[in-house]
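The values are calculated or read from the model by the stated rules, or taken from the named source; none is laboratory data. Since the model is a prediction, treat every value here as computed from it, not as a measurement. Neighbour counts are summed over all protein chains in view; Cβ atoms, including those assigned to glycine, are modelled from backbone coordinates with ideal geometry. For the accessible areas, the whole protein counts, side chains as well, though only heavy atoms, and no ligand, DNA or RNA atoms are used. Shrake-Rupley method; radii C 1.70, N 1.55, O 1.52, S 1.80 Å.
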Amino acid sequence: QVQLVESGGGLVQAGGSLRLSCAASGRIFSSHAMGWFRQAPGKEREFVAAISWNGGATNYADSVKARFTISRDNAKQMLYLQMNSLKPEDTAVYYCAAEVEYDGPYYAPAYADRYDYWGQGTQVTVSS
């Protein structure tokens, strides 16, 4: 059984930075893909970034490329999202997710239905 817990959200002005963290209880980080998704009020959950089991491959939504960086530390069972140059449209609840099935060393899916475990989310609010 795996549990994911996000932290690091908050209120920041446009152009600022935040670093989100996700702590995992199992051994997912050593063998499976991980991702970040976000959901704004009244909108569908959308993909933000993903990383393969060993960090060798990453995948980003076009809206966050060059601004966000996903990383992981398997020894510490941690997933991170460094968010720079934040924009008001980045405002959302951010969720980390973990995939149970191992699909290869470079697999970093962008689809929510590929993930099996989800955290409770952390709120990120960016003011103009």
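As a length-normalised measure over Cα pairs under 8 Å and 6 or more apart, the relative contact order of the range 1-77 settles at 25 percent.
Surface exposure of the chain, expressed per residue as accessible area with a 1.4 Å probe, stands at 51 Å². Solvent-accessible area assigned to carbon and sulfur over the chain amounts to 47 percent, based on a 1.4 Å probe.
By a 1.4 Å probe calculation restricted to protein chains, TYR115 has an accessible surface near 10 Å², given to the nearest 10. Between ASP62 and ASP116, the simple spin-label model (points 7 angstrom out along Cα→Cβ) gives 3.3 nm. Based on Cα atoms of the range 7-65, Rg over Rh with Rh as the Kirkwood radius reads 0.99. Here is the size of the chain from its Cα atoms: Rg then Dmax, 13.5, 41 Å. Assuming a ≥ b ≥ c are the square roots of the Cα gyration tensor eigenvalues, decide whether the range 89-128 counts as rounded (a/c under 1.5), prolate (otherwise, with a/b larger than b/c) or oblate. Here the range 89-128 falls in the prolate category. In the assembled protein chains, THR69 presents an accessible area of approximately 70 Å² (probe radius 1.4 Å).
Report the longest stretch of the chain that contains none of the trypsin sites (Lys or Arg not before Pro) sitting in a DSSP loop with at most 12 other Cβ atoms within 10 Å. Maximal segment without exposed cleavage sites: 77-128.
Ranking VAL124, ASN84, ALA98 by Cα position along the charge dipole of the chain, where only Lys, Arg, Asp and Glu carry charges on their C-beta atoms, puts ASN84 farthest toward the positive end.
Bridgeable lysines around LYS43 (alpha carbons under 23 Å apart, same-chain partners fewer than 8 residues away excluded): LYS65, LYS87.
Rolled with a 1.4 Å probe across the full set of protein chains, the surface gives SER127 an accessible area near 40 Å².
For GluC sites (Glu not before Pro), the sites in the range 82-128 that DSSP calls loop and that have at most 11 other Cβ atoms within 10 Å are GLU101.
With contacts taken as Cα pairs under 8 Å and at least 6 residues apart, the range 7-128 reaches a relative contact order of 36 percent.
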